[in-house]
1. How much net charge surrounds D135 when only other residues with a Cβ under 14 Å from its Cβ are counted (Lys, Arg +1; Asp, Glu -1)?
2. Percent of accessible area on the range 91-213 owned by carbon and sulfur, 1.4 Å probe?
3. Taking the Cα centre as origin and putting +1 on Lys and Arg beta-carbons and -1 on Asp and Glu beta-carbons, what dipole magnitude results for the chain, to the nearest 20 debye?
4. Grab the beta carbon distance between F65 and E233, set R0 = 22 Å, and tell me the FRET efficiency rounded to 0.05.
5. Under a point spin-label approximation (7 Å from Cα along Cα-to-Cβ), what is the I29-T111 distance to one decimal in nm?
6. Enumerate by residue number the trypsin sites (Lys or Arg not before Pro) in the range 12-57 meeting two conditions: DSSP loop (anything except H, G, I, E, B), and at most 15 other Cβ atoms within 10 Å of the site's Cβ.
7. Which of the chymotrypsin sites (Phe, Trp or Tyr not before Pro) found in the range 1-75 are in a DSSP loop and have at most 14 neighbouring Cβ atoms, other than their own, within 10 Å?
8. How many angstrom lie between the Cα centre of the range 26-93 and the Cα centre of the range 121-156?
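The values are calculated or read from the model by the stated rules, or taken from the named source; none is laboratory data. The model shown is predicted, which means the values in this text are computed figures rather than measured ones. Ideal geometry is used to build each Cβ from the backbone, glycine not excepted, and the neighbour counts take in all protein chains shown. Just so you know, the surface numbers come from the protein's heavy atoms only, side chains and all, with ligands and any DNA or RNA stripped out. Shrake-Rupley method; radii C 1.70, N 1.55, O 1.52, S 1.80 Å.
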Amino acid sequence: MNISTINTKIESHKQLLLQHPLYEKVKTIEDLHQFLENHVYAVWDFMSLLKALQSRLTCTTTPWFATQNPETRYLINEIVLAEESDLTLDGKRLSHFEMYLEAMQSCGAQTTALEAFLQKVSDTKNIFIAIKQSDLHYKIKAFLDFTFHVIEEGKSHKIAAAFTFGREDLIPNMFTEILKNFEQNFPETDLSKLIYYFERHIELDADEHGPMAMQMISELCQEDEHKWKEVEEVSILALEKRIGLWDAIEEKIENKLELA
């Protein structure tokens, strides 16, 4: 098995996600806010997948020892560099999560619910308790639970699968679809930071991070068929959870319309 085989196995799930009706539901600035205020949890937990990989594939403790595979060490460090300290539209250095928060605030979306959730994570020191006690949609809870269970299991190839096929590999296509709606539906709203964020992801993930993440999986699995099978299983689950996240946001937008 190899990357090409995995891509074939997960193609139907990718198409479900890329053709999701959510993209056509973001029609007003209120819809956009609803999207951002719920999608932000995926932007946040992605950083945990990233750092879980870095902690497993590089040495982040002292005394320092060289990790086994210099190639995966290089690949994850290159991805971390941009994800954790990229250039913003106005020339600052921020993580992509922080850039997303700034973009939310600049277009009027609320970050108070997210901040309360993160405070709960900090207070409980247990991500699973924080998720359970939150007021998030049950499909968003399932999305987060999946991410952190994969991280907790601690298998690098499975974390890389969730990171790559559930996220990095899809971001260019998904965000291109979303950007089309933004530009068409909100011409009078200043979305410069948000569009910059999406365009930056399209640029990075299509040209650099996507191929690097694929290479990282190949390095981690090598000729181990059991690992490749686990990559396939996790990738499908990651896509199903992502579809669930999109379902939850679509439902929230529709519920707001019914209440209006």
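1. +3
2. 48
3. Charge dipole of the chain: 620 debye, to the nearest 20.
4. With a Förster radius of 22 Å, E is 0.10.
5. 1.9
6. Sites meeting the loop and neighbour criteria: K27.
7. W64, F65
8. Value for the Cα centre distance between the two parts: 17 Å.
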